[in-house]
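Below is one structure, written out as structure tokens; the observations come after it.
Throughout, read-outs are computed from the coordinates displayed, never taken from laboratory work. Note that the structure is a prediction, hence the values are computed from the model and not measured. Methodologically, a virtual Cβ is constructed for each residue, glycine included, from the backbone with ideal geometry; neighbour enumeration extends over all protein chains shown.
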Amino acid sequence: MTVPTASADAALRLVRGESAVPHDLLGAHPITRDGVDGVVIRAFQPNAASIAVVLGEQRWPMERDAHGLFALFLSDRTAPIAYRLEITFGDGRVVLRDDPYRFLPTLGEMDLHLFNEGRHLRLWEKLGAHLREIDDVAGTSFAVWAPNATRVSVIGAFNDWDGRAHQMRRLGASGVFELFVPGIGVNAMYKFEIRSSTGALRVKTDPYAFKIEQGPGRASIVQSRGTYDWKDGAWLAQRADADPLREPMLVYEVHLSSWMRGEHNRVLTYRELAPRLAEHVKRMGFTHVELLPVLEHPFGGSWGYQVGGYFAPTSRHGSPDDFRAFVDTLHEAGIGVLLDWVPAHFPKDDWALRRFDGTACYEHEDPRLGDHPEWGTHIFNYARYEVRNFLLANALYWIEEFHIDGLRVDAVASMLYLDYGREAGEWLRNRFGGRENLEAVSFLKQLNHAVHSLHPGVITVAEESTSWPKVTHPISEGGLGFTLKWNMGWMHDTLDYFKVDPFFRKGAHDKLTFAMMYEYSERFMNPLSHDEVVHLKKSLLEKMPGDVWQRFANLRALIGYSITRPGKSLFFMGTELGSHHEWNHDVSLEWHLLGDARRQGLMAFMESIGALYRQHSCFWRRDHEPSGYGWIDVSDKEQSVLSYARYDGLAHAMVVLNLTPVPRAEYRLGAPSLGTYHVVLNSDATTFGGSGYAVAEAVEAEPVPYHGFPQSVSVSLPPLSILVLLPTDRPDPRAAVDVVANRAVGEASASRSGAGQSQSKQDKASKPVKAPKASKAPKASKAPKQAKQPKASKQPKAPMEAKAAKPSKRQMAAKTAVSEPTATATLRPMTRVASKLAVKTSPSSTVPKRSPGRPASRTPRTKTAIPPSSPPATDA
């Protein structure tokens, strides 16, 4: 019986590789021919000499028509039929395979509906390449979104990279093309060949590929799913029950390719890196690592921020299962894993997302919306539901498939503003005439809602550098819904301060204190990130002023300040090594520096402060609550001393920084409670590479009002240092007060009582006694008139109500009354100051003191001089 002839037009489009509906012709179709019911089977295979249909033990040769299609009519048969094709090629090869065109679609109508609405939360399970069995036939299903393509084919070695061989079918108006190809297994390489509306051919990597070949091929690689045996169930259960805002979070930012390398600069695998990294960060007290993007990226110099494969962990270090093992290892060590994620823009590499189907598919057609002028990249079109779904599903993919504990969302500011990085006339306004990217705002809210509702305990962190309001506020309150926001203002102000020579730091004091003015407007993370140690910005160590000893001392103080102030903290890898060089992404960190004693001291300091931070909840429990922090003294800019307290209910710690190289002997500080305070961290300890300036291990709080507290302590401050003091015992609950809230009340009450009113019994008991006679100082250090010693019988004035950061009158009076002869010259050149400090006298310990006096008897006189910069050794 004659084989039915296919439509000439449809056949020609198929043979020329222009068909979007190949299943209309190919495969098995029921037909009635001359009154006989049966099935017609059509096949097309370029370069085939002959094709036969095989059914069980039977074999029927197919006839070739004028268009190049092969066909066979089988009477008394009904579709579907489980047949195979025996293909003989022109070179004599014979291949027996199942026909891809005899299988039903692998995506259902609901999948397509949700995708087109931007609401498919498990999209990675439908689009891309997936190993599966259909009708007991193993193979791989392929699906890709290319809404304006006239034809899409899957190509690979299995069809000699010929786009005519496996043309995919368009699924209605969804824009999705799909095909199940039998016989394609794990690790098979493939791409999509796309014919645009203009007839141009584009060869693209799968946007949903789980693994991508390294350049220059950039082929997608079929991977299996669900084969890794996770061991972190207890970690995930604990994460779901925890409140990350009230838990310790000390983050180590890592670029995996350059953290550590093997011999001959070999890039280590995920499985090689995991145990080494876990041991290192755990020893230093870090709670989390944050990975610079491991999403596949073509150019290593982008550090991962120009992503080519959003669903593929970079194959530089191994397979997706290798990356799962990496995360699992860190979780077993008690370390969380955060991932830098880039939904703001993508590179213009032609093999990736750019003009995917020949049109602006993922980006905007108008470059005023779709191009990022500063970075040379494309901006995602958040107004398109399918693009939003791509990004939303991608975020959930990393959380669900790789157990990621949080996403740090990169370049949020560039998403929020239509004019970001643009000059006038280079951007378009939104529908209300403003510059806000309303669609991006909507997407970020959708993202945060999905992540936090589906995965409690997982955090999202915004890298947002502008004053956009309510970034970390709940969506229900008009916020974007992020868990945390990088405090870029704090980072820049703090680094600007530490760059200043200590001689001039009193003029920059406000750079350290200003951040507290807006600290509780958002929930912040304090970052000292990779961006600050590249592009000629110098390493953190080299930003510090002074000689080598002073630079290391400054760096320790900076690290301590970041960790002990409010907010979670982040440090870029290598901070602990104190390198003189900027970060180089092409080589390993300079681990050889650990042979240097200064670096060993810096590492020891970071280990000590990391352990201290984790052990004491006052440093993290109330990071984002005003009750968790209070200034002790914000105003001592003349001596560049900063002091504050951290609280968690009754538990608290005192922190004081001396940010000049001048020691401050017997410096008086207000204390939150009576009792004994122990110095639990001293960055100037010789163990850490410090000078070893003598500091008492414990000090007793005296009933001497100071800094608005009813009691105070006197402690010696080493040069360029940070001290942390903890009370020995918890204060008596009957005497406990909310010191942060009640200090202002106490000062106001004292102000109303007047300086001439009677003092409390505690004040009377603390009357200063007459100071012992001081030995004569050299003329060069003669005190100014306003710095005369007060009479012994004179009572300190009652505290006055503070106005913003300005010290009270009582504080100013006390400061003037006890200033030492060289108090106004403590920032003179160090050789001169040292000679003067050695002959200073000390007032009575019962008199409130603000400036350095003669060291106590436990301190050798020689220790009051400025410590030597460092031993005369060559710096590494």
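Viscosity 1.567 mPa s, temperature 4 °C: what is the translational diffusion coefficient of the range 431-494 from Stokes-Einstein with a Kirkwood Rh over Cα pairs, rounded to a whole number of µm²/s?
Numbers: Rh = 12.7 Å.
The Stokes-Einstein estimate is 102 µm²/s.
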* Computed lengthening from Ala82 to Asn430, 0.36 nm per intervening residue step minus Cα-Cα distance -> 119.7 nm
* Please turn the phi angles of the range 383-399 into ³J(HN,Hα) values with the Karplus equation 6.51 cos²θ - 1.76 cosθ + 1.60 (θ = phi - 60°), one per residue in order, whole Hz, x for glycine and proline. => 7, 9, 4, 5, 6, 4, 5, 4, 6, 4, 5, 5, 4, 5, 4, 5, 6
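DSSP loop GluC sites (Glu not before Pro) in the range 619-720 with at most 15 other Cβ atoms within 10 Å of their Cβ, which ones?
Details: sites: Glu638, Glu666, Glu697, Glu700; in loops: Glu638, Glu697.
Counting only loop positions with at most 15 other Cβ atoms within 10 Å, the GluC sites (Glu not before Pro) in the range 619-720 are Glu697.
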* **Cα centroid of the range 334-382 to Cα centroid of the range 278-326, whole Å** => 19
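I need the trypsin sites (Lys or Arg not before Pro) found in the range 364-462, filtered to DSSP loop residues with at most 15 other beta carbons within 10 Å of theirs.
Working: sites: Arg368, Arg384, Arg388, Arg408, Arg422, Arg429, Arg431, Arg435, Lys445; in loops: Arg384, Arg422, Arg429, Arg431, Arg435.
Counting only loop positions with at most 15 other Cβ atoms within 10 Å, the trypsin sites (Lys or Arg not before Pro) in the range 364-462 are Arg429, Arg431, Arg435.
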* Take the alpha carbon gyration tensor of the range 8-95, find the square roots of its eigenvalues, order them as a ≥ b ≥ c, and report rounded if a/c is under 1.5; if not, report prolate when a/b exceeds b/c, else oblate. => oblate
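Based on the Cβ-Cβ distance from Ala698 to Arg246, what FRET efficiency comes out when R0 is 45 Å, to the nearest 0.05? Intermediate values should be presented prior to the final figure.
Details: r = 30 Å, r/R0 = 0.67.
Plugging the Cβ-Cβ distance into 1/(1 + (r/R0)^6) gives 0.90.
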* Please label the shape of the range 299-357 as rounded, prolate or oblate, based on the square roots a ≥ b ≥ c of the eigenvalues of the alpha-carbon gyration tensor (a/c under 1.5 means rounded; beyond that, a/b larger than b/c means prolate, else oblate). => prolate
* To do: Holding the Cα-Cα limit at 26 Å, pick out from Lys445/Lys543; Lys445/Lys485; Lys470/Lys543; Lys204/Lys485; Lys348/Lys543; Lys282/Lys485 the pairs that are longer than that.
  => Lys445/Lys543; Lys470/Lys543; Lys204/Lys485; Lys348/Lys543
* Roughly how many Å is it from the Cα centre of the range 84-156 to that of the range 525-549, as a whole number? -> 51
* **Chain lengthening between Ala333 and Glu374 when straightened (0.36 nm per residue, less Cα-Cα)** => 10.7 nm
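Tally Lys and Arg at +1 and Asp and Glu at -1 over the other residues with C-beta under 12 Å from the C-beta of Phe326: what net charge comes out? Please list the in-between numbers first.
On the way: positive: Arg271, Arg276, Arg324; negative: Asp232, Glu272, Asp321, Asp322, Asp328, Glu332.
The answer is -3.
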* Say each of His29 and Asp91 gets a label point 7 Å from the Cα, pointing the same way as Cα to Cβ; how far apart are those two points in nm? -> 3.3
* To do: On a C-alpha basis, how far is the centre of the range 433-448 from the centre of the range 222-241 in Å? Whole number, if you could?
  => 32
* Spin-label pair Ala8/Ser75, simplified geometry with 7 Å Cα→Cβ offset, distance in nm -> 2.9
* Structure fact -> Nearest-0.05 FRET efficiency for Lys231 and Val534 at R0 = 35 Å, using Cβ-Cβ distance, is 0.45
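Taking the Cβ of Phe180 as the center, what net charge do the other residues with Cβ under 11 Å away carry, scoring Lys and Arg +1 and Asp and Glu -1?
-2
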* If you take the square roots of the eigenvalues of the alpha-carbon gyration tensor of the range 598-697 and sort them as a ≥ b ≥ c, do you get rounded (a/c under 1.5), prolate (a/b over b/c) or oblate? -> oblate
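Report the charge-dipole magnitude of the range 562-601 in Debye, nearest 20, computed about the Cα centre from +1 at each Lys and Arg Cβ and -1 at each Asp and Glu Cβ. If you can, show how the numbers build up before the last one.
Working: 4 positive and 5 negative charges, 65 e Å.
The calculation lands at about 320 debye.
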* To do: Could you pull out every residue, at least 5 positions away or on a different chain, whose amide H is within less than 5 Å of the one on Leu250? Hs are placed 1.01 Å off N in the peptide plane, and Pro or chain starts have none.
  => Thr287, His288
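I need the fraction of alpha carbon pairs in the range 55-94 separated by more than 12 Å, rounded to a whole percent.
When every Cα pair of the range 55-94 is considered, 71 percent fall beyond 12 Å.
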* Asked: Under the definition of Cα pairs under 8 Å and six or more residues apart, what whole-number percent is the relative contact order of the range 502-644?
  -> 29
* Take the Cβ-Cβ distance between Thr676 and Ser453 as r, set R0 to 60 Å, and report the resulting FRET efficiency rounded to the nearest 0.05. => 0.80
* So which chymotrypsin sites (Phe, Trp or Tyr not before Pro) in the range 150-237 are both in a DSSP loop and have at most 16 other Cβ atoms within 10 Å of their Cβ? -> Trp161, Trp230
* Once amide H atoms are built 1.01 Å from N in the peptide plane, which residues 5 or more positions from Cys361, or in another chain, come under 5 Å H to H? -> Arg355, Phe356
